[in-house]
Amino acid sequence: MYKKPFIAGNWKMHKTVSETIETLEELKSLVKGVSDRTIMVAPPFTSLSDAGKLLKDSNIFLGAQNMYFEDKGAYTGEISADMLLEVGCKFVILGHSERRHIFGESDEIINKKVKKALQKGLTPILCVGEKLEERENGMVEEVIEKQLEMGLKSLTKEDVLNIIVAYEPVWAIGTGKTASPEDANSVHKFIKDSLKNIFSVEEDKSIILYGGSVKPGNIVGLMEKHFIDGVLVGGASLSPVDFSKIIKF
Ligand code: 13P
């Protein structure tokens, strides 16, 4: 689907509309002409409309950080797929560990969101990842497999070909601790093998991003690894200079 390195920024709860405009104008000029990467940014909901206008006809795709699985209705505080599409989103991050662990999102809810996004033509970026104690207890594969099985429940091979998976070990997010490129690569291989076993999706057809303290200084080592197709960057994506360095690694 996106065979170039896929470099995505998740801004989380950072940047007002005016800060978004300033950041994106700078980023746009820093990555002007870059055509050998797929670039995406996911600003907060309030910034999406302006960001969509600014990024139209640019080489930067727009994504959202979450959405709800119903089309419309009495769901105070929620945002629908149609709302995201209208402002220019092509991607939506789903099941981020902060959604799972701070806001209590279950695999069942995430699965409904993934299905709705696909039905509406948004590309889901499904996040999976283990907590520190799960890694210490040797449960990495078990945890990831369950998140994949439940998050992708009752999807077809065709659906899965239109999904991106992001491996984000919870202990590496915002902590400055990165999984070693070798450790990340081996989990990515496990994810690719699982997608092949469950959905018959060939290894070179799946896109698996790594997320967790990605910085200009560690991007090369990560991207050198065979099974790492791209990255989902938090903190370092807030700075146009740092993010553009990551993009152009
Ligand atoms: P950091 O890059 O700040 O560790 O965040 C990673 C992340 O959660 C991206 O979705």
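Every read-out reported here was derived from the displayed coordinates using simple, explicitly stated rules and does not represent laboratory data. Please read all numbers here as calculations on a predicted model, not as lab measurements. FYI the Cβ positions are ideal-geometry reconstructions off the backbone, even for glycines, and counts take in every protein chain you see.
Restricting to Cα pairs below 8 Å that are 6+ residues apart, what does the relative contact order work out to for the chain? Please round to a whole percent.
21 percent
Report the equivalent ellipsoid semi-axes for the range 38-79 in whole Å, largest first, defined as the square roots of five times the eigenvalues of the gyration tensor built from alpha carbon atoms.
Values: eigenvalues 113, 21, 14 Å².
In descending order the semi-axes read 24, 10, 8 Å.
If the limit is 26 Å between Cα atoms, which of 3/56; 12/120; 56/177; 115/225; 12/196 go over it? Don't jump to the answer; show the numbers that get you there.
On the way: 3/56 22 Å; 12/120 23 Å; 56/177 35 Å; 115/225 30 Å; 12/196 31 Å.
Exceeds cut-off: 56/177; 115/225; 12/196.
Jot down the per residue volume, in cubic angstrom and as a whole number, of the convex hull over the alpha-carbon atoms of the chain.
It comes to 114 Å³ per residue, whole-number rounded.
Hydropathy at least 1.0 by Kyte-Doolittle, axial extent at least 30 angstrom from the Cα trace: which helices of the chain, defined as entire DSSP H runs, fit?
none
How large is Rg/Rh for the range 75-200, to two decimals, with Cα atoms and a Kirkwood Rh?
0.97
What does the charge dipole of the range 4-145 about its Cα centre add up to, to the nearest 20 debye, if the Cβ of each Lys and Arg holds +1 and the Cβ of each Asp and Glu holds -1? Numbers along the way, then the final one.
On the way: 19 positive and 23 negative charges, 119 e Å.
Around 580 debye, computed over the range 4-145.
Picking from 148, 118, 128, whose Cα lies most toward the positive end of the charge dipole for the range 117-165 (charges on Cβ: Lys, Arg +1; Asp, Glu -1)?
The residue sitting most towards the positive pole is 118.
Please identify, among 96, 188, 14, the residue showing maximal mean-square fluctuation in a Gaussian network model of the chain using a 10 angstrom Cα cutoff.
14
Semi-axes of the equivalent ellipsoid for the range 132-186, please: Cα gyration tensor eigenvalues, times 5, square-rooted, ordered largest first, whole Å.
24, 14, 10
What share of all Cα pairs of the range 1-114, in percent, falls into each consecutive 5 Å distance bin?
Per 5 Å bin, starting at 0, the Cα pair percentages come out as 2, 11, 21, 23, 19, 14, 7, 3, 0.
Mind listing the long-range amide H neighbours of residue 234? Cut-off is under 5 Å, sequence gap 5 or more, other chains count too, H placed in the peptide plane at 1.01 Å from N.
Amide H to amide H, under 5 Å and 5 or more residues apart or across chains, residue 234 pairs with 10, 212, 213, 214.
Just how large is the dipole of the chain about the Cα centre, in debye to the nearest 20, putting +1 at every Lys and Arg Cβ and -1 at every Asp and Glu Cβ?
Using only the charged Cβ atoms, the result is roughly 560 debye.
Of 51, 9, 102, which is farthest on the positive side of the dipole of the range 1-124, counting Cα position, with +1 on Lys and Arg Cβ, -1 on Asp and Glu Cβ, and the Cα centre as origin?
9
Using the number of other C-beta atoms within 10 angstrom as an exposure proxy, rank 107, 71, 57 with the fewest first.
Numbers: 107 18, 71 11, 57 5.
By the 10 Å Cβ count, ascending, the order reads 57, 71, 107.
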